[in-house]
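Just below is one structure, and these are the notes that go with it.
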Ligand code: TXA
Ligand code: MG
């Protein structure tokens, strides 16, 4: 069923066509759901103060209702409109990294609709750093609840084409502002305790957080006092391509041996490969090359597109190399592990 005729606007982020922004903003003001680019991934936005509008996000994505959404605002002043107060560590993080790929969990003041926060007393807030997102937030003049604009469980969208594949006919509009620059989502930091806790690694590294907010706890699986996961989204399947993904540890000969064994068993093998690995794995049935091991930022940019690339290929299993867990590699490996449901092949 396709209940919507999805509007589509192409906006050049360097020359923003304000008439397109106004059309998209008008839909948001009419409580409709519109996808838009941010610097991390595409978001699926709706008026965060309106329960029905927010419900339409959950419906379009097929997202479980106990997984809360991030509220996006246009500038630092507007953070105050959705939180009770800003703790000192959050102030320091906002001053250093906002706008940017950072989401802060603070006490909600109740302005956000109850389904945005999934009934929690806290709210996740982020100021995106993308000219089209900024223009839309300013013109709509609303806080926008926006999860990543993918169908629940699938890799997050880094192009408007990905959004279209997942959500055409299910939402009112898509603003195409080109490919996103960072490629993985924002870092989610819980600022409600004594020290910042990273609930989801992302575009701002642990080192960057610690530089301004002191030592962090980095346990995304940590439970709160009621034994509830702190970041409810963490328990669900995420980022999964259609074929199973296995992460292969060990050296290049071991990787090649895995391909050979699978092929001997009649399996068609896809490989997600860095530029360094690609020439070694030409025996695979399909190889998607996406960046150099010398730049984990580049790997992050291409990661979700790589995961999606196998959906149109005839492969039974996808193998991926692993990356060092430092800097942006922490977020990359976090997403790869989830996409693989922790299936790891070791020598
Ligand atoms: O980069 C991003 O963060 C993108 C762009 C669109 O801004 N958004 C995004 O949203 O990734 P989403 O919904 O896919 O992920 C939000 C994460 C989930 O893991 C959710 O559980 C967590 O933030 N979250 C939201 N509100 C929370 C809260 N009050 N307490 C703890 N975790 C929260
Ligand atoms: Mg998501």
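Observations, loosely collected:
- Residue under evaluation residue 329, criteria (1) touching a helix residue (DSSP H, G or I) at 6+ places or on another chain (Cβ under 7 Å); (2) under 24 Å from residue 251 (Cβ atoms); (3) crowded, with 21+ Cβ neighbours inside 10 Å, criterion not met: (3)
- Hits in the range 29-51 - residues which are surrounded by fewer than 24 Cβ atoms within 10 Å (Cβ to Cβ) and part of a loop (DSSP other than H, G, I, E, B): 30, 31, 32, 39, 49, 50
- Residue tally, condition crowded, with 19+ Cβ neighbours inside 10 Å, within 13 Å of ligand 2 (Cβ to nearest atom) and assigned to a loop (DSSP other than H, G, I, E, B), over the range 146-179: 9
- When each of 128, 114, 99 is tested for being in a loop (DSSP other than H, G, I, E, B), more than 16 Å from ligand 2 (Cβ to nearest atom), modelled with pLDDT of 95 or more and within 21 Å of residue 198 (Cα to Cα), the lone residue that passes is 99.
- Qualifying residue in the range 133-142 (condition: part of a loop (DSSP other than H, G, I, E, B) and within 12 Å of ligand 1 (Cβ to nearest atom)): no
- Breaking point among (1) crowded, with 22+ Cβ neighbours inside 10 Å; (2) farther than 15 Å from residue 149 by Cβ; (3) within 14 Å of ligand 2 (Cβ to nearest atom), for residue 57: (2)
- Reported count of residues in the range 38-48, each being within 9 Å of ligand 1 (Cβ to nearest atom) and either under 8 Å from residue 149 (Cα atoms) or touching a strand residue (DSSP E or B) at 6+ places or on another chain (Cβ under 9 Å) (or both), is 7.
- Residue within the range 56-63 that is in contact (Cβ under 8 Å) with a residue 60 or more places away in the chain and part of a loop (DSSP other than H, G, I, E, B) present: yes
The values are calculated or read from the model by the stated rules, or taken from the named source; none is laboratory data. Predicted model, so just to flag it, every value in this text is computed and none were measured. In this analysis, Cβ positions are derived from the backbone assuming ideal geometry, glycine residues included, and neighbour counts consider all displayed protein chains.
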